[in-house]
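The values are calculated or read from the model by the stated rules, or taken from the named source; none is laboratory data. The model shown is predicted, which means the values in this text are computed figures rather than measured ones. Here Cβ is always computed from backbone atoms with ideal geometry, including for glycine, and neighbour counts include all displayed protein chains. For the accessible areas, the whole protein counts, side chains as well, though only heavy atoms, and no ligand, DNA or RNA atoms are used. Shrake-Rupley method; radii C 1.70, N 1.55, O 1.52, S 1.80 Å.
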Amino acid sequence: AERMEGAERVTLTRGYRAIPFPGPIPEEAIPGAGYIPGIPRLGIPPLHETDGPLGVTYIAGLRGDFATPFPSSVAQGASFDPALIERMGRIIGSEARAKGFDILLAGGANLTRDPRNGRTFEYFSEDPLLTGKLAGASVRGIQSNRIISTVKHFALNGQETGRRFIDVRIGRDAARESDLLAFEIALEEGEPGAIMCAYNKVNGENACASEWLLTEILRDAWGYPGFVMSDWGAVPSLKAAIAGLDQQSAASLDKEVYFEDQLLARANADPRWDAQLDAMNERILTAVYRLGLDKDPAEPGGAIDYEANAEASKDVA
């Protein structure tokens, strides 16, 4: 009911690295992937993020724990079984929550376009219907644990080599009928709280600063109510905010921290940017409140039945 004031307005838009190599991470962060501070005055909790789609990432054992590994997504895709993948999502999400994570960076919905892609194992198939159905099922399972799942990497992230500078050229209709269709179905099936944009360019624009992808398609055409976070180090400039990006993940990995003092100064000087910053916070909080993270945040130390989860992993295999 209260309005954010001053620097509070950019607290949720600036993410911190929680991967402790190299250098330290925020003291209150859980070693994982990322961390977003909360706003205690307004009852907004901090957010702790972890990879990934095949099990909670190990992070070289720095948490002193381990997690259940699941078969590759391309193997899961061969099952053609949404119920099985939803079951897997429930288990991975439960382990993430038990370790204190509020956001799981999962839901790989890119299409397999090149077998040499170094992350083909994280994606379900070359078919948009199958990919969308299974990615959505995974998200449903994960979010049943009252944590946020992403869908990623939006969009047309078809290769790892040169991912930070490759420019994917595709007609808009062709994109809507293939790669974007997979994401559209995943959103309808899973209703993820967040979407992660990609490193690559699409038709000359960085995916994380593409108004066509983040506003015209995602918000205007599909009516997506959640928030868009960047991939780690994928934000090219402050203009990404006005294009539709809501959160600069691990901001120190970019050339500059754009979504903090720079964003606040621009919002204070320009009514259009002021309204955009309000919308960015609203979309982030939409996900937080819809999943109940304010009332029931994840806490480390939850019980995990590793033996039962290992049997489930065998079932998926």
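Within segment 292-310, identify whether any single residue is open to solvent by 80 Å² or more (accessible area, probe 1.4 Å), part of a helix (DSSP H, G or I) and within 23 Å of ILE44 (Cα to Cα), and answer yes or no. No, that holds for no residue. Filtering segment 231-260 down to residues that are open to solvent by 10 Å² or more (accessible area, probe 1.4 Å) and polar (S, T, N, Q), which residue is farthest from ASP51 (Cα to Cα)? Ranking the qualifying residues of segment 231-260, first place goes to SER237. Residues in segment 42-58 that are open to solvent by 20 Å² or more (accessible area, probe 1.4 Å) and either without any contact (Cβ under 8 Å) to a residue 12 or more places away in the chain or among the aliphatic types (A, V, I, L, M) (or both): LEU42, LEU54, TYR58. Looking for something under 23 Å from PHE183 (Cα atoms), open to solvent by 20 Å² or more (accessible area, probe 1.4 Å), in a loop (DSSP other than H, G, I, E, B) and modelled with pLDDT of 95 or more - is there at least one such residue anywhere in segment 80-98? Within segment 80-98, one or more residues are under 23 Å from PHE183 (Cα atoms), open to solvent by 20 Å² or more (accessible area, probe 1.4 Å), in a loop (DSSP other than H, G, I, E, B) and modelled with pLDDT of 95 or more.
Among the residues of segment 246-257, none qualifies, meaning not one is farther than 24 Å from TYR35 by Cα and in a strand (DSSP E or B).
The set of residues in segment 180-225 that are among the small types (Gly, Ala, Ser), surrounded by 24 or more Cβ atoms within 10 Å (Cβ to Cβ) and touching a strand residue (DSSP E or B) at 6+ places or on another chain (Cβ under 8 Å) comprises ALA186, GLY190, GLY193, ALA194, ALA198, ALA207, SER210.
GLY61 falls short on exactly one of the conditions (1) surrounded by 19 or more Cβ atoms within 10 Å (Cβ to Cβ); (2) over 20 Å from the mean Cα position of the chain (by Cα), and that condition is (1).
Per-residue answers, yes or no, for (1) at pLDDT below 95; (2) acidic (Asp, Glu):
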site: ARG116; (1), (2): yes, no
site: GLU122; (1), (2): yes, yes
site: ARG146; (1), (2): no, no
site: GLU160; (1), (2): yes, yes
site: GLY171; (1), (2): no, no
site: LEU180; (1), (2): no, no
site: GLU191; (1), (2): no, yes
site: CYS197; (1), (2): no, no
